[in-house]
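Q: Quick one: the structure is below, and I'll ask about it shortly.
No lab work stands behind these numbers, since they all come straight from the coordinates. These numbers come from a predicted model, not from an experiment. Neighbour counts run over all protein chains shown; Cβ positions are idealised from the backbone, glycine included.
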Amino acid sequence: MTPIADPIIETRGLVMRFGGVEVLRGIDFGIAAGELRCLVGPNGAGKSTFFKCLTGQLKPSAGEIRFKNASIGGLPSMDIARRGIGIKTQVPSLYDGLSAREHVWLAVKRRVATVGGLRKEVPSLVDQVMEDMQITPLANRLVGQLAHGQRQIVELAMVTAAEPDLILLDEPAAGMTHEEVERLAELVLRLRGTRSLIVVEHDMQFIRMIARTVTVLHQGQVLMEDDAETVLRDQRVRDVYLGKREVA
Amino acid sequence: MTAPLKAVGWVAGLALSVAAVFGLPHVLELFTLINATIYVSMAILTLSLALIWGYGGILCFGQAAFFGLGGYTYAICAINFGDSTWAIVLAMVLPALVAALVGYFIFWGRIGDVYLGVITLTMTLIFLKFFNATAGDAYKIGRAALGGFNGIPSTPPLNLPWDVGTQLAPEDIWYIAASLLVILYAGSRWLLTTAFGRVVVSIRENEKRSELLGYDVRRYKLGIFTIGGAIAGMAGILFANCVFVSPTMFSLFYNAQVIIWVTVGGLGTLLGPIAGSIALQMIVAKLGTLQGLDPNVVLGAILIVFVLLVPKGLQPVLQDWWDRLREPRQPAMPAPAPASTLRSAGIERPLTSATTAHQPAANAASRP
Amino acid sequence: MDLVVIIILQVIAAVASLALVSVGLAVIFGMMRVINLAHGEFIMLGGYAVIYATRWGVNLWVAMLLVAPLFVGVVGIVVERTVIRFLYGRMIDTMLATWGLSLLLIGAATMIFGNTTTGVSAPLGSVTIGQYQTSLYELVLVVIVVAVLGGLMAILRLTKAGLIARATMQNPAMAASLGISTNTVYMVTFGAGAALSGLAGALIAPLSGVLPTMGVAYVAKAFITVISGGSAIIAGTLSASMLLGSLNTLATFVATPVVGEITLLFAAIVLLRILPQGITGRFFRRAL
């Protein structure tokens, strides 16, 4: 990979072991501020584990993670979140007993507490986010009763409402209808530039819609990193996805 | 419910409670009124658990420890000071401090689930054993002899603030207890609408999500746990005024009762547990007068029946009925966050995986 | 010298009795993730079973080693069929329901037997070591506890039933897909756990007497021991009993019995703070 001049996040030799199994085997990765990067790879490549290391849900066995020029490897999730990393997890992680509006409120409230700001503004900021994400009609519905696609959007709204510098999206398009996917792509493209994003996705069409650079993970290592078209045409990547054995 | 209807509900509730607070002393005999005061003090204890378990998601098996500590602190201080004013303050502060200390230990150690239950239970047993062993002259704090198994029979009653001469009569203590219950209930409802309360509820719903948003969940849990400790301490003061303090305040029986009342009333509600505790105390007292029937049998049977048949508790079930009565045509919506799922959230490790036995490596690694 | 021997014997006896009162709870918790808060009342029923059996002329040893475990085992199976089986996977609910059962049994026992301590005299007399005396029965108790734990280990390791039990414990879904009736396994396990509690009550009866509320004293101790031990049934119970039992006895010896009890409880709290998964959550992970 080509080293990035001023990376917002960067990992060096990141290793994650579970007992005897090495799930991440020395990952060197980095993206520039404002970049939108897609992360692909077959099941078990270590994508979700990688995200868990970045967000402090797992403590890496070895290697370094630097975010905004500070080492964050092994810090508690809470600290990492406050430094400005937000994540939409693979299985939507929501508060089933709370309303959609309360989800957004929790995120806005936290941001106001971290960044500083007027408490009075919180309600109007919440309304703004609800409006932007087109979920105002869902405001008072309990999230536990929403359809899967709607839940994904609510989680996305919550994550973006916290205004993190780096947003991690783990399979955001899963279970969405075609229109919802298009709306999602539109939103992601809108965020690019002001925010940095790493998106894990299997939906190749979605990747084509949003990505310029794609990183391929395979068996806990970076297999290749190039622009979207090159990666999607690459024979090795196809083999990996179709489960062919790599030719050594 | 629409806003005006809600307001009507609040006004009606307030009117009813005012009527109960000021009407009962005129209707009841003194003995019954004192009993009613005991019920109310236990209802306040129940409220403290309903708050930390139902809304904070913290199943404390030793809530009675704070109750007992409140009682003992009050008794010891009131005897030594001769004035109950500061005794009251200390009897709220000390249980809150102990709760904060234990909470710090538990939440910063990331101890959850059953383990939390064991530690809180152990804590209350330590107090039980300690106070049981305080017979004899060696155990005196100032002028107050702890009295071992017998407790402190001569617990002084409340007096007017800084006015030792005016001791309060049982009727006055009833007024204080009953209004305190109303105030604490309203205060708890208010607390849950504040930013703090809403974050606490979010942590109960999904602790990990709140962490990923950047909330320090330990502090919020500590906060609600400490508040619960202070409220339980108040219950202890009132109990000490109606009965007297003794080590049984720490016993398994009191700890069990509170959990039963919250379960029966409905986990994740406040009014249900309060009503449930008073109703069940009345039932048990009534049954206690029957020949040959042990109240434990009734209490046990009630708990089993509720867990098996009405796991959500009374208030949510009644609410469902009421909603269905008002809108009979609409298909019933699934009840929001039923208590049974609350209870199962997190703690349940169903038998479907051997995670506990075989993922400790991953768990240990994830623990900061 | 004699004193040292006596203290060592007392430590061993304390460890054994802690293991004895905990093992029934440990079997049920380890296998089914169910915390049985009626455990203490199962112990109490075991005690009454011995008292009534001996009154009706049954030999004391037969009553303790056979009648009591069988009787309480049957009670356990009835409880499992009527209450517990509806609550699998709902740990807190089972805890509450068994707590209700505990109260029910205490109340029922008080109504039937009255709220007084009944006793049977301890058999076997005492032995003298130097200038000290200790009861021979307590030493026999240690041997019985070792035999029970050894037998349990042998059943789990060597028999087909043990294999089925271990398989279900490790992965119930997989076991079910192999055609094992997990339902039956749980029923038998609960019955076996109850029987062990009954045995504990029977063996304790000559030492402490029997009282409807006696279970309360044991359930908390057993609960604490089992959780401190962690998920491995035998290794967990043994390691936690050794640690807590010896601390208890030593503190009792140095100070008073109350200090001993409080030391035990404090030790458990500190232990859980350091090892939140219990001893076997960190060590002896592959053990049973």
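Q: Please sort by residue number the chymotrypsin sites (Phe, Trp or Tyr not before Pro) in the range C:46-144 whose DSSP state is loop and whose Cβ has at most 13 other Cβ atoms within 10 Å.
A: Sites meeting the loop and neighbour criteria: C:56.
Q: If you restrict to DSSP beta bridges whose two residues both lie in the protein assembly as shown, what percentage is antiparallel, to the nearest 5?
A: About 65 percent, rounded to the nearest 5.
Q: With the cut-off at 1.5 for a/c, could you classify the range A:1-94 from its C-alpha gyration tensor as rounded, prolate or oblate?
A: Note, shape of the range A:1-94 comes out rounded.
Q: To the nearest 0.05, how large is the calculated FRET efficiency for residue C:166 and residue B:108 if R₀ is 35 Å and r is the Cβ-Cβ distance? Provide the component values of the computation, followed by the final result.
A: Working: r = 36 Å, r/R0 = 1.03.
Efficiency, rounded to the nearest 0.05: 0.45.
Q: Which of rounded, prolate or oblate describes the range B:160-238 when judged by the alpha-carbon gyration tensor and an a/c cut-off of 1.5?
A: In terms of gyration-tensor shape, prolate.
Q: I need the peptides C:260-269, C:193-202 ranked by packing, meaning the mean over residues of other C-beta atoms within 10 angstrom, with the highest value on top.
A: The densest-packed peptide leads the list: C:193-202, C:260-269.
Q: Turning to a different aspect of this structure: So which lysines pass the test for residue B:140, namely a Cα distance under 26 Å, with those fewer than 8 places away in the same chain ruled out?
A: B:129
Q: For peptide C:27-35, compute the average count of partner chain beta-carbon atoms within 10 Å of each residue's beta-carbon.
A: Mean shielding count: 2.
Q: Looking at the range A:31-107, which trypsin sites (Lys or Arg not before Pro) are DSSP coil and have at most 16 other C-beta atoms within 10 Å of their C-beta?
A: Here the sparse-neighbourhood loop sites are A:68.
Q: Run the quick spin-label model on residue A:145 and residue A:62: label points 7 Å from Cα toward the beta carbon, then report their separation in nm to one decimal.
A: Modelled inter-label distance: 5.3 nm.
Q: Now for a separate question. Exactly which trypsin sites (Lys or Arg not before Pro) in the range C:191-288 are in a DSSP loop and have at most 12 other Cβ atoms within 10 Å? Let's see the in-between values first.
A: On the way: sites: C:221, C:273, C:282, C:285, C:286; in loops: C:285, C:286.
Hits after loop and neighbour filter: C:286.
Q: With a Förster radius of 45 Å, plug the Cβ-Cβ distance of residue A:124 and residue A:230 into 1/(1 + (r/R0)^6) and report the FRET value to the nearest 0.05.
A: With R0 = 45 Å, the Cβ-Cβ based efficiency is 0.50.
Q: Using Cα centres only, tell me the gap between the range C:159-207 and the range C:22-39 in whole Å.
A: One Cα centre to the other: 10 Å.
Q: Would you list which lysines come within 25 Å of residue B:312, measuring only between C-alpha atoms, while excluding same-chain residues fewer than 8 positions from it?
A: Of all the lysines, those that pass the test against residue B:312 - Cα under 25 Å, at least 8 places apart if same chain - are B:6, B:208, B:221.
Q: With a ≥ b ≥ c the root eigenvalues of the C-alpha gyration tensor of chain B, is it rounded (a/c under 1.5), prolate (a/b larger than b/c) or oblate?
A: oblate
Q: A further question follows. Please average, across the residues of B:58-69, the number of beta carbons from any other chain that are within 10 Å of each residue's own beta carbon, and give a whole number.
A: Counting other chains' Cβ atoms within 10 Å and averaging over B:58-69 gives 1.
Q: By a straight-distance test (C-alpha under 18 Å), which aspartates and glutamates pair with residue B:286 as possible cross-link partners, with residues fewer than eight away in the same chain excluded?
A: B:29, B:294
Q: Then there's this: Which peptide among C:151-164, B:307-320 comes first, and what is the full order, when sorted by highest mean count of other Cβ atoms within 10 Å?
A: Going by the mean number of other Cβ atoms within 10 Å, highest first, we get B:307-320, C:151-164.
Q: Between residue C:159 and residue C:178, what length in nm is gained on full extension when 0.36 nm per residue of separation is reduced by their alpha carbon distance?
A: 5.1 nm
Q: Partner chain Cβ atoms within 10 Å, averaged over the residues of A:93-106 - can you pull that number for me? Could the numbers behind the result be given before it?
A: Details: counts 6, 3, 9, 6, 12, 8, 1, 0, 0, 4, 3, 0, 4, 10.
Averaged over the peptide's residues, the number is 5.
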